[in-house]
Each structure stands twice: as C-alpha cells, then as structure tokens.
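A.B. asks: Here it is, the structure in full.
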C-alpha cells in the first residue's frame with residue numbers, strides 16, 4: 001500500500017472512533033500531588049478517605065486522575081524540599097494534610113492551587129486573607145474549634161474531679177500547635193489547673209517526657225493534634241499505659257491505638273471533604289475564591305478497655321454522650 005493511501009485510510013478509521021475514546025486520548029489526566037505530614041502507615045486512613053471522596057465524585061485513578069505522594073514522617077523540616085519536588089511535577093492541584101505542609105507548598109508555588117485538609121489559624125499563618133474569601137492559592141478545612149482544648153480539660157475533671165495538674169505535649173515547630181497551646185493555657189487558668197508543657201521535636205523525647213510526668217504525679221496528659229504524634233500514636237499509648245497515665249487527644253486514631261479519650265475533629269472526614277475542593281478546582285474554580293470551611297462538630301471517643309486497665313470508672317453520662325466507645 002502506498003504511504004499516501006495508508007495515511008488516508010488511518011484518518012478514516014480515526015474518524016469512526018467513538019467520541020468517548022477520542023476524548024480520552026485528547027484529555028490529559030489531572031495530576032494531584034499530595035504532601036502528607038505524617039508517615040504512610042500513620043496517615044493511611046486519611047489518604048484512603050481522600051481517595052474515597054474522589055471516587056464518590058466520579059473520579060477514577062488511571063482514567064481521570066493520577067495521584068503522587070510525598071511523606072514527611074512528622075518532620076516539618078522535610079516539607080519544603082518535598083513540596084518543591086511536587087511542584088516540579090507540574091500538578092493540577094496540591095493537597096496537604098496539615099498547616100505546616102500548606103505553608104511549605106505555598107512557599108514552593110503561588111500559582112498551583114493548594115487544598116489543605118487540615119488548617120489551623122490560616123489568617124494568622126498568612127495562608128488566607130479571610131475564611132470567606134481566602135485569596136491567593138490556598139483554601140481547605142479548619143482543624144480546630146475555639147475552646148476545643150478547654151473542653152478536653154473539662155472532660156479530664158469530669159472523669160477525675162480532683163484533677164489539678166495536667167501535662168501538655170506539644171510540637172511547637174508545627175504551625176498548628178502554638179495556637180492550640182495558647183488555647184490550653186487560657187482554659188487551664190480559667191479552671192485553676194496547672195499545666196506542665198513539654199515541647200517535643202523528636203520521637204525519642206516522648207519517653208523521658210512521659211516518665212517525667214509520672215514522677216511529678218500529673219493527673220492527665222493532653223497530647224495536642226499533630227502529625228508527629230499521630231505517627232507515634234502506638235509509642236504514646238504504650239508509654240501512657242506502662243506509666244498508668246490517663247491521656248486525652250485531639251484525634252480518634254490515638255484512642256484506637258490504646259489512648260483513653262479523644263475529643264476533636266474527625267480527620268478522615270476532613271480529608272474526604274478535601275476531594276470536594278479538588279473537584280471544584282479541576283472544573284475551573286480558583287482556590288482563593290473557595291471559602292474555608294469549619295468542622296460541624298467535634299467527636300468524643302472513649303476506650304473503655306484502657307479505662308479498665310488504668311482502674312478508672314468512666315462516668316455513664318460520658319459514655320452516653322460519646323460518638324464512639326471502644327470496648
């Protein structure tokens with residue numbers, strides 16, 4: 001067959017292809033870059049929730065979208081380099097799992113839309129000019145609610161009425177922890193509770209910190225919400241149990257690992273909701289025009305098995321108020 005005739009024949013065949021096939025060949029799959037603050041194991045539930053959200057909106061990996069991941073393993077210092085790596089891939093959108101990750105992504109690009117499943121004080125952290133109209137290239141869902149840590153202290157008093165001293169484990173290099181600590185300090189002053197704050201940068205500091213709390217006879221330990229602590233939740237639960245320290249957390253993942261109580265935002269729900277923002281961006285919306293959302297209500301989770309092991313009687317009214325009781 002002559003070359004000219006072959007080209008004509010090929011063109012005729014292409015003209016008969018179904019429109020859907022032709023469209024798939026002509027449209028580039030959207031690349032979603034995900035910067036995860038914690039480890040692949042520690043954040044697997046959150047990543048799966050985000051993917052589930054995309055599937056619920058009709059997206060299929062390999063057909064409409066591709067997702068690439070970078071994990072910081074709880075170390076904020078790694079995030080700028082990981083964010084720069086992701087930007088070089090020319091993604092359609094970047095999804096982050098913490099305020100620190102969102103800050104690193106924004107430092108790496110002012111043009112690629114950034115959706116953060118977890119935002120703390122986005123205005124104070126210069127990620128948005130307002131919740132209603134963020135401006136710039138960052139939006140997402142808030143992680144904390146006003147008075148959340150104060151409510152955790154009230155829960156401590158409801159379980160152990162004589163509570164007077166509480167250890168507070170924070171990761172102050174994380175963008176989300178300073179405002180949480182300020183909230184805790186204000187609430188403790190109002191309740192007449194003495195706080196013993198400890199700033200943790202490395203996992204190996206957790207052991208000495210919990211041992212010091214046990215020596216000083218604290219009534220409770222509150223662990224602030226942070227990727228480092230979620231990644232180390234098994235270690236924290238083991239330390240607390242061995243030293244017989246009651247614990248309160250911001251996320252249920254800790255209670256699932258053996259912690260006593262969590263009161264805070266459902267992180268999986270936040271990540272699933274982040275898919276809604278990605279869908280809007282892929283359809284042409286600007287991140288800066290999409291309002292930042294707030295969680296509807298915090299969830300209370302109680303581990304009765306842990307309470308029994310610690311010799312604590314969990315009040316029935318608290319069990320009845322809980323969103324989830326692990327037995």
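A.B. asks: P(r) tail for the range 42-166, what percent of Cα pairs lie past 17 Å?
C.D. replies: 65 percent
A.B. asks: Right, here's the next one. Packing-wise, with mean Cβ within 10 Å as the measure, how do 222-228, 274-280 rank, highest first?
C.D. replies: Descending packing order for the listed peptides: 222-228, 274-280.
A.B. asks: Please report Rg (one decimal) and Dmax (integer) in Å for the Cα set of the range 156-222.
C.D. replies: Answer for the range 156-222, Rg first and Dmax second: 12.2, 33 Å.
A.B. asks: If packing is taken as the mean number of other Cβ atoms within 10 Å per residue, what is the order of 43-53, 138-148, highest first?
C.D. replies: 138-148, 43-53
A.B. asks: Shifting gears a bit: Could you list the residues of the range 156-195 with an amide nitrogen less than 11 Å from a label point located 7 Å from the Cα of residue 216 in the Cα-to-C-beta direction?
C.D. replies: Within reach of a label on residue 216, which here means backbone N under 11 Å from a point 7 Å along Cα→Cβ, the range 156-195 contributes 165-169, 194-195.
A.B. asks: Against the longest alpha carbon principal axis of the chain, how many degrees, from 0 to 90 and to the nearest 10, is the axis of helix 44-56 turned?
C.D. replies: With rounding to tens, the tilt is 40 degrees.
A.B. asks: Okay, next question. R0 = 25 Å: FRET efficiency of residue 244 with residue 319, Cβ-based, nearest 0.05?
C.D. replies: Efficiency, rounded to the nearest 0.05: 0.75.
A.B. asks: In addition: Expected output is a single nm value to one decimal: the length gained when fully extending between residue 162 and residue 48, i.e. 0.36 nm times separation in residues minus the C-alpha distance. What is it?
C.D. replies: Net length gain for the segment: 36.9 nm.
A.B. asks: Continuing with this model, one more query. Given points 7 Å out from each Cα along the Cα-Cβ axis, report the residue 283 to residue 41 separation in nanometres with one decimal.
C.D. replies: Here the answer is 3.9 nm between the modelled labels.
A.B. asks: If you don't mind, another one. If r is the Cβ-Cβ distance from residue 110 to residue 189 and R0 is 41 Å, what FRET efficiency results, to the nearest 0.05?
C.D. replies: Between residue 110 and residue 189 the formula returns 0.55.
A.B. asks: Can you sort 32, 292 by how many other beta carbons sit within 10 Å, fewest first?
C.D. replies: 292, 32
A.B. asks: What three numbers, in Å, describe the spread of the alpha carbons of the range 93-174 along their principal axes, ordered from the longest?
C.D. replies: If we take the Cα atoms of the range 93-174, the spans are 53, 25, 18 Å.
A.B. asks: Match the structure shown to one of the listed values [x] -0.53, -1.15; [y] -0.33, -1.04; [z] -0.26, -1.12 of log10 I(q)/I(0) by the Debye sum over Cα atoms at q = 0.07, 0.14 Å⁻¹, computed from it, and give that label.
C.D. replies: [y]
A.B. asks: How tilted is helix 3-15 with respect to the longest principal axis of the chain? Cα atoms for both, answer in degrees (0 to 90, nearest 10).
C.D. replies: Helix 3-15 and the main axis of the chain meet at about 50 degrees.
A.B. asks: In addition: What value, in deg cm²/dmol to 500, does the helix sum -39500 (n - 2.57) over DSSP H runs of n ≥ 4 give at 222 nm once divided by the residues of the chain?
C.D. replies: -12500 deg cm²/dmol
A.B. asks: Let me ask something else. May I ask for the angle, rounded to the nearest 10°, between helix 267-282 and the longest principal axis of the chain, with both axes built from Cα atoms and the value confined to 0 to 90°?
C.D. replies: 30 degrees
A.B. asks: If you don't mind, another one. If r is the Cβ-Cβ distance from residue 29 to residue 201 and R0 is 45 Å, what FRET efficiency results, to the nearest 0.05?
C.D. replies: Once rounded, the FRET efficiency stands at 0.70.
A.B. asks: Let me ask you something else. Where the Cα atoms of the range 196-327 are projected onto their three principal axes, how long is each span, largest first, in whole Å?
C.D. replies: 56, 37, 21
Bear in mind that the values in this text are calculations on the coordinates, not laboratory data. Everything quoted here is computed from the prediction, not taken from an experiment. FYI the Cβ positions are ideal-geometry reconstructions off the backbone, even for glycines, and counts take in every protein chain you see.
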